[in-house]
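In what follows, a structure is listed as structure tokens, so that the remarks can point back to it.
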Amino acid sequence: MTQVRTSFWAHNIEVLGYHDLGGKPAFKLAMQEVAGRWYLYMGHLWHRGWSILDVTDPAAPEYVSFIPGPENSWTIQIQVAEGKMITALERIAPGWGGAEGRPFSEGFLIWDVSDPKKPRQLGHYRTESTGTHRNFYDGGSLVHVAGSAPGFDGKIYQIVDISDPKNPREVSRFWLPEQEENAPKSGVKLSLHGPAHIEGNRAYLPYGDGGGIILDVSDIKAPRMVSQLLFRGLCSRQGIHTYLPLPRRNLALINDEAINENGEENLNLAGIADLKDEKEPRPISLFPQPLPPPETGLKNFFEKGGRFGPHNQHHPNHQPCLEDRDDIAYLTYFNAGLRVYDIRDPRTPREIAYFIPPDPTERIGAKPSRLVAQVEDVLVDRRGCIYISEKNQGIFILRLKEVWPYSQWETEPDYFTSFPT
């Protein structure tokens with residue numbers, strides 16, 4: 001463990017712990033609880049492989065191990081459920097530390113993590129293209145993939161059966177017609193970012209300029225579009241990054257991703273959509289834009305440098321070790337840190353907490369061009385411990401100081417309506 005510096009900015013959040021991960025910054029985060037112990041699994045951004053951190057005592061996290069990954073391949077995305085770990089493999093995007101023209105590994109690996117400290121590789125699914133990005137796995141035999149495929153532009157949706165992990169096989173796929181290589185192009189960016197979040201027999205796809213797509217997957221061999229919520233012309237060049245349903249409330253959290261530094265792009269969008277009519281979803285509110293603490297002397301976060309805008313939400317993924325409440329939203333905002341919102345009134349989301357880590361003092365990766373804090377991912381466990389990753393630093397472990405008990409929902413049943421199954 002290493003001590004976190006005190007030069008951070010926070011409101012209604014306390015720091016429980018910090019670990020520098022031996023100089024290997026994490027990107028995506030996953031977790032499992034085994035025999036009363038809590039394990040955080042991490043994909044790395046600038047290094048090829050994955051790490052395990054024992055966070056049973058959040059004030060004194062213990063580094064367990066680093067599992068090397070294939071050379072010249074992104075190993076940034078990770079999922080853990082029911083004793084299995086799914087780790088994405090992907091060609092590294094230009095400018096992110098890869099060697100163009102050199103061999104890379106792609107697809108995803110399947111691991112046995114029933115022994116939480118010693119992952120054992122079971123299988124490898126290949127796309128025969130550039131690989132997979134953010135996949136969805138909540139247990140069982142199916143992985144819902146955001147993957148490339150020969151003959152298509154961008155990533156498409158693939159359902160992969162891993163019941164025989166040595167021989168994973170694609171069950172079905174979904175794509176937008178313009179993604180076919182020889183189809184006429186309109187100039188928009190159509191690519192499934194993932195994850196394709198699954199609720200019952202519905203899949204919720206964040207599809208770049210294709211917007212937020214709901215699919216009927218009651219027949220997993222033939223996914224069928226239910227609706228498409230478009231935001232073309234409003235979002236950054238990433239398009240829709242997250243489409244996270246809140247099934248007990250017939251709502252969804254939706255956001256794009258800030259891509260360019262210093263705000264050189266379109267409006268960044270983060271807010272709430274109403275899904276009561278799943279065939280006609282509609283945006284109903286936006287999260288308030290974060291403002292710098294007055295003590296920073298900044299008029300806005302664009303002045304700080306690096307990226308400013310939304311990135312990752314906390315995803316419960318049906319995992320009992322993770323917090324699953326739909327009255328609070330946790331959203332990373334790059335140089336504005338972690339932002340936490342009260343969404344009890346979905347028409348008027350309200351910021352209730354934030355944490356802006358100290359700027360890094362050592363450059364580990366190629367980005368950002370100005371060395372400032374860039375918070376990447378957030379994960380919240382059932383105990384209320386909040387984990388955030390950062391581009392050039394280690395893992396920060398946080399907790400809200402004040403929050404209302406979730407049991408108050410029992411007195412507000414009017415918020416609950418039926419959800420498609």
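Quick note: the coordinates plus some simple rules give every number you see, no bench work behind them. These figures come from a predicted structure and were not determined experimentally. Cβ coordinates were reconstructed from backbone atoms using ideal geometry, including for glycine residues, and neighbour counts include every protein chain displayed.
Using the Cα centre as the reference, give the magnitude of the dipole from point charges on the C-beta atoms of the range 1-160 (Lys, Arg: +1; Asp, Glu: -1; all else neutral), rounded to the nearest 20 debye.
Value, rounded to 20: 240 debye.
Taking R0 as 25 Å, what's the FRET efficiency between Asn167 and Asp115 from their Cβ-Cβ distance, rounded to 0.05?
0.60
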Practice prompt. Positive end of the charge dipole of the range 231-277 (Lys, Arg +1 and Asp, Glu -1 on Cβ, about the Cα centre): tell me which of Ala252, Leu267, Gln238 has its Cα farthest that way.
Written response: Ala252
Worksheet item: Near Thr132, within a Cβ-to-Cβ distance under 11 Å, what is the net charge of the other residues, with Lys and Arg +1 and Asp and Glu -1?
Response: +2
Discussion item. For the range 14-96, which chymotrypsin sites (Phe, Trp or Tyr not before Pro) pass both filters: DSSP loop (anything but H, G, I, E, B) and at most 14 other C-beta atoms within 10 Å?
Written reply: Trp96
Item to complete: Place +1 on the Cβ of every Lys and Arg and -1 on the Cβ of every Asp and Glu in the range 1-71, take the dipole about the Cα centre, and give the residue among Phe27, Ile52, Phe66 whose Cα lies farthest towards its positive end.
Response: Phe27
Discussion item. Using DSSP to call loops (not H, G, I, E or B), can you name the GluC sites (Glu not before Pro) in the range 349-396 whose Cβ has at most 12 other Cβ atoms within 10 angstrom?
Written reply: Glu362
Fill in: Inter-probe distance in nm under a simple model that places probes 7 Å from Cα toward Cβ, at Ala183 and Ala93
2.2 nm
Discussion item. Under a Cβ-only charge scheme (Lys and Arg +1, Asp and Glu -1), can you give me the dipole magnitude of the range 250-406 about the Cα centre, in debye to the nearest 20?
Written reply: 260 debye
Discussion item. Set the bar at 28 Å for Cα to Cα. Now go through Lys24/Lys304; Lys189/Lys299; Lys189/Lys221; Lys166/Lys391; Lys155/Lys304 and name every pair that lies beyond it.
Written reply: Lys189/Lys299; Lys166/Lys391; Lys155/Lys304
Discussion item. Charges at C-beta only: +1 for Lys and Arg, -1 for Asp and Glu. How large is the resulting dipole of the range 123-269 about its Cα centre, in Debye rounded to 20?
Written reply: 340 debye
Worksheet entry | Asn72-Asn262 pseudo-label distance in nm [points 7 Å out on the Cα-to-Cβ vector] | 3.3 nm
Response to the item:
Sorted on mean Cβ neighbours within 10 Å (highest first), peptides 184-197, 218-231 come out as 184-197, 218-231
Worksheet entry | Distance (nanometres) between label positions extended 7 Å along Cα→Cβ at Lys276 and Lys221 | 3.8 nm
Worksheet item: What does the charge add up to near Arg307, with Lys and Arg as +1, Asp and Glu as -1, over the other residues with Cβ less than 11 Å from its Cβ?
Response: -1
Fill in: Förster-model FRET efficiency, 30 Å R0, Arg325 and His124, C-beta, rounded to 0.05
0.25
Worksheet item: How big is the range 249-323 by the Kirkwood estimate over distinct Cα pairs, in Å?
Response: 14.7 Å
